[in-house]
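The values are calculated or read from the model by the stated rules, or taken from the named source; none is laboratory data. Since the model is a prediction, treat every value here as computed from it, not as a measurement. Every residue, glycine as well, gets a Cβ built from its backbone with ideal geometry; the counts of neighbours run over all protein chains shown. These accessible areas exclude ligands, DNA and RNA; they are computed on the full protein's heavy atoms, side chains included. Shrake-Rupley method; radii C 1.70, N 1.55, O 1.52, S 1.80 Å.
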Amino acid sequence: MENELSADIAKVDQKVTQYLEAKQTDSAIMMTRQMESLADGKLKEIQRLEAPKVKEGDNFKRAAVRYFSYIKSIYTSLNRVTMAATDEQKQIERGRLAKIIKDKKEVSEAMQEAQRKFAAANNFIVKKAFEKTE
C-alpha cells in the first residue's frame, strides 16, 4: 500500500505544483482532495485489517495507521492552503503545513523501523524497493 501510494504522491505533488504556479486553484484543490481521499481510503483499509497474530504485529499495524494518517494530514493541510481566501489565511495554513512536513522523516523512519522489527521477529527479509534481487 505504501508503494502504491508513493507513486501517486509523486505524480500528484508535481501536478499540484504546476497548477499552483499557473494559478489554477480549482485544479489544485481537486488534486489535493483526490489525494486526501486516496490516503483516507488506504488508512481505513488498514484500520479494518486485523493486526497479524505474530510478534510485533500490533506495533506494525499502529505504525502503518500513524503513517497513513500522517500522509492524509499533508493533503488535508495542502487543501486548506489552496482553499484559503485571504493572504493571511494562506500564511496561517502554510505554517500548519510546514509543521506537518517537518515530521515527515520521523514518521517515515518510525514506519520503517516497525517494518524491520516485524520482519526480524518473524524471520522475514525486508529489502529496499530500489534493491535488485538476483
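Taking the conditions (1) out of contact with any helix residue (DSSP H, G or I) (no Cβ under 6 Å at 6 or more places or on another chain); (2) polar (S, T, N, Q); (3) touching a residue at least 60 places away in the same chain (Cβ under 8 Å) in turn, T82 satisfies each one other than (1).
Pull up segment 9-28, narrow it to residues that are surrounded by 15 or more Cβ atoms within 10 Å (Cβ to Cβ) and under 17 Å from the mean Cα position of the chain (by Cα), then point me to the one that is nearest to R62 (Cα to Cα). Top of the filtered list is I9. Of S37, S108, all but one fail to be open to solvent by less than 40 Å² (accessible area, probe 1.4 Å), among the small types (G, A, S) and part of a helix (DSSP H, G or I); the exception is S108.
Of a type outside the set (D, E), buried (at least 18 other Cβ atoms within 10 Å of the Cβ), out of contact with any strand residue (DSSP E or B) (no Cβ under 9 Å at 6 or more places or on another chain) and on the phi < 0 side of the Ramachandran plot, is that true of S77? Yes, satisfied.
Within segment 8-19, residues that are of a type in the set (S, T, Y) have Cβ atoms under 6 Å from residues that are open to solvent by less than 60 Å² (accessible area, probe 1.4 Å) in these pairs: Y19/S27; Y19/A28, counting only partners at least 6 apart in sequence or on another chain.
Being among the hydroxyl-bearing types (S, T, Y), farther than 22 Å from I125 by Cα and open to solvent by 50 Å² or more (accessible area, probe 1.4 Å) is a property that does not hold for T32. Taken over segment 74-115, the residue count meeting the criterion of being under 19 Å from the mean Cα position of the chain (by Cα) and either under 24 Å from K53 (Cα atoms) or β-branched (V, I, T) (or both) is 15. Within segment 99-121, residues that are touching a residue at least 40 places away in the same chain (Cβ under 8 Å) have Cβ atoms under 6 Å from residues that are hydrophobic (A, V, I, L, M, F, W, C) and buried (at least 16 other Cβ atoms within 10 Å of the Cβ) in these pairs: A110/A63; M111/A63; A114/F60; A114/A63; F118/F60, counting only partners at least 6 apart in sequence or on another chain.
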